[in-house]
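Below: the structure, in structure tokens.
The values are calculated or read from the model by the stated rules, or taken from the named source; none is laboratory data. All of these numbers come straight from a predicted model, not from anything done at the bench. Here the Cβ positions follow ideal geometry from the backbone for every residue, glycine too, while neighbour counts run over all protein chains shown. All accessible areas refer to the heavy atoms of the entire protein, side chains included, with ligands and DNA or RNA removed. Shrake-Rupley method; radii C 1.70, N 1.55, O 1.52, S 1.80 Å.
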Amino acid sequence: MELLSDAFVYLCAAVIAVPIANRLGLGSVLGYLIAGVVIGPILGIVGSETTEVQHFAEFGVVMMLFLVGLELQPAMLWKMRQQLVGLGGLQVVGTTSVFAGAGLVFGLSWQSAIALGMILALSSTAIVLQTLNEKGWLKTQGGQSSFSVLLTQDIAVIPMLAVLPLLATGHGGGHEGTGADGHGETAAHGGEALAALPGWVQALIILAVIAAIIVAGRHLLRPVFRFIAEAHLREIFTATALLLVIGIALLMDFVGLSPALGTFLAGVVLSDSDYRHELESDIEPFKGLLLGLFFLTVGAGIDFDLLFGAPATIFGLALGLMLVKFAVLFALAIIFRLEGPDRWLFSLGLAQAGEFAFVLFGFALGAGVLEQHLLQVMTLVVAISMLLTPALFIFYEKVVAPRVAAKSDRPPDVIDSRGRVVVAGMGRYGQIVSRLLMTSGYDVVILDHDPQTIDNLARVGIRTFYGDATRPDLLHGAGLKDADLFVAAIDDRDKQTMVVEHVAKTYPKVKILARARDRHHVYELENAGAHFAEREVFEGALSLGRQALIELGAHPFRARTKAKDFRNHDLAMLDDLRENYNDGGVDTSYIDAMRAHSETLYEIMRVDRGDERHERTERGWNPPPKGDATL
């Protein structure tokens, strides 16, 4: 029952803390750490058993590296080789060198300094990627550069696991620590079965095991998975996936290598397999729970007496760590020509230490590379740097980005042409509108603030002027006062509404057509002064829905009619709901009207549904009635 009670405590802590942390923008990793702090040092609900739990939970790291390997398809790695080796490689090597040098200055041995430098060079993949996705920054140049560096860091963990034991300085921590393989004390004694053999024989056996994993992954595992999949038993496929990971971990531990290295290789080998996605979906829940449990135990093991005993030292080290990483990243951003907000997003976003540090700290302690007291201090430093990361992103979004965007290194282009149409924004939406107008013979002045987009469009002969379309002086320079039409196609919802409102007030004679995110944004843009607002995915989704009806057996003309009925009803609903919408959101009257329209739509669309079985006997297409507009 003691096991069940411990499991209940850990699960309660995770279920309560993690959703709250996510809601506050802190991310799941920090949620687990905070939960561990609450049930450990603060409330004292858990105690000495956390070390044993951590031995078990560290196997989540092995699973994580297997999933990382599954994502690293050789073709993708080759395509990204310049960013991975250049930007990512220089970040890891440069940051490691700086921190190793600092360690030597503070009196560490060169082995310990290098080990600490490697560990602190890593950033938090979980926090950074989650934030970039949530904020919509992942597709920016800064976001893509951050992703490349994080991917390089994930790959770099493998050689780090191999190098750390070679740096052993004999601090005697091996019997107390835990390894990244999830076997605790065993990690420091891996390969005992081969200890009596000559060194060259051990090397041959190790190479043979690695080769066997690669060969088996390409030629044996795929037929095995095919055979298991044909049984159509989900639980057996899950059991097979776990058997694969655990079996490789045991094999690598037997020969004295990191199990994480073996599972990573197996993941890379299976990355282009037909069963890659099935393996990911089966392993992911176990990986997530075990890693969450691992971070809970890290939080529970934080030494608050140490923190309160020297708060200035701990927080000073954390801020120093972030400042050093920021400086290295900012220098690389300049070298690789990241500009404006992208440079700051890249540098601030990766300035913290990462969750892999906790794993590598345990591995380094087990291998005798770092001392216990140093690791206690650095565990606090890493945790604090991660806790401060959301504040860095808020600082970037609210303070840095607006100012840097306004003071970009690249001045706005001099707009030396005029046209009847001015288009703001050349994303996927603005490009289609601009091409339609230009190929129809109209002169169009196009504005965009992304240098890469402008360069790409220039290669295909579309001239685009650089500048922030929300700036009044740029709109004036684009000749908007003499234009007939303004097309607002900016990605950012708030900026889109703002620029529409400015143009409507400043150039009342200009017609404004605007891209809207959704129905509510349509109303916002109309209130701001847009003459017409179109939802960005509505027509495309409607066209796809019509094709879906055809694929399901509907006659093409019937599918077109149903799509037309749906479109007419939705546009009517857009008009009717307008009077129930207010800037503060929706109220009961809006919801009631929405429900009424939904019921009406259901009745409209089910008309003649029983006749669809005869549709395939009709002729291939019935033309629309004369004068009827097609979709």
> How far is it, in nm, from the label point at Ser109 to the one at Glu579 when both lie 7 Å from their Cα along the line to the Cβ?
Replying inline: 8.3 nm
>> Let's test the formula: R0 of 30 Å, r as the Cβ-Cβ distance of Arg428 and Ile591. What FRET efficiency results, to the nearest 0.05?
In response: 0.40
> Pulled fully out, how much extra length does the chain show between Thr313 and Asp272, if you take 0.36 nm times their separation in residues and subtract their Cα-Cα distance?
Replying inline: 9.9 nm
> To the nearest 0.05, how large is the calculated FRET efficiency for Val215 and Lys505 if R₀ is 60 Å and r is the Cβ-Cβ distance?
Replying inline: 0.30
> Taking a ≥ b ≥ c as the square roots of the eigenvalues of the Cα gyration tensor of segment 446-548, is the shape rounded (a/c under 1.5), prolate (a/b larger than b/c) or oblate?
Replying inline: oblate
>> Suppose a student asked you for the relative contact order of the chain, using Cα pairs under 8 Å spaced at least 6 residues apart; what percent would you report?
In response: 15 percent
> When the helix-only estimate is applied to the chain (DSSP H runs of n ≥ 4, each -39,500 (n - 2.57), divided by the residue count), what is the mean residue ellipticity at 222 nm, nearest 500 deg cm²/dmol?
Replying inline: -20500 deg cm²/dmol
> What is the antiparallel percent of DSSP beta bridges lying wholly in the chain, to the nearest 5?
Replying inline: 5 percent
>> Can you tally the net charge around Phe237? Count Lys and Arg as +1, Asp and Glu as -1, for every other residue whose Cβ sits under 14 Å from the Cβ of Phe237.
In response: -3
>> Could you derive backbone 3J(HN,Hα) for segment 550-557 from the dihedral phi with the Karplus parameters 6.51, -1.76 and 1.60 (θ = phi - 60°), listing whole Hz in sequence and x where the residue is Gly or Pro?
In response: 5, 5, 7, x, 6, 5, x, 5
> Which whole-number percent gives the relative contact order of segment 459-601, counting Cα pairs below 8 Å spaced six or more residues apart?
Replying inline: 14 percent
>> Let me spell out the model: positive unit charges on the Cβ of Lys and Arg, negative unit charges on the Cβ of Asp and Glu, origin at the Cα centre of the chain. What dipole size does that give, in debye rounded to 20?
In response: 2100 debye
> In square angstrom, what is the accessible area per residue of segment 440-521 with a 1.4 angstrom probe?
Replying inline: 49 Å²
> Going by accessible area, probe 1.4 Å, with all protein chains left in place, what is the ranking of Trp344, Trp110, largest first?
Replying inline: Trp110, Trp344
> Sorted by accessible area (1.4 Å probe), largest first, how do His597, His277 line up?
Replying inline: His277, His597
>> Before I look further, what does segment 211-348 give for accessible area per residue, probe 1.4 Å, in whole square angstrom?
In response: 46 Å²
>> Let's test the formula: R0 of 41 Å, r as the Cβ-Cβ distance of Ser543 and Ala231. What FRET efficiency results, to the nearest 0.05?
In response: 0.55
> Residue by residue, what Karplus-based ³J(HN,Hα) values in Hz, rounded to whole numbers, does segment 326-339 have, using 6.51, -1.76 and 1.60 with θ = phi - 60° and x for Gly and Pro?
Replying inline: 4, 5, 5, 5, 5, 5, 5, 4, 5, 4, 8, 6, 6, 10
>> Could you compute the net charge surrounding Val224? Neighbours are other residues with a C-beta less than 14 Å from the C-beta of Val224; K and R count +1, D and E count -1.
In response: 0
>> In segment 310-432, if the dipole is taken from +1 on Lys/Arg beta carbons and -1 on Asp/Glu beta carbons about the Cα centre, which of Ile384, Val400, Phe363 is farthest to the positive end?
In response: Val400
>> Two decimals, Cα atoms only, Kirkwood Rh: what is Rg/Rh over segment 249-358?
In response: 1.09
> Which of Phe254, Thr588, Ala318 sits farthest toward the positive end of the charge dipole of the chain, with +1 on the Cβ of Lys and Arg and -1 on the Cβ of Asp and Glu?
Replying inline: Thr588
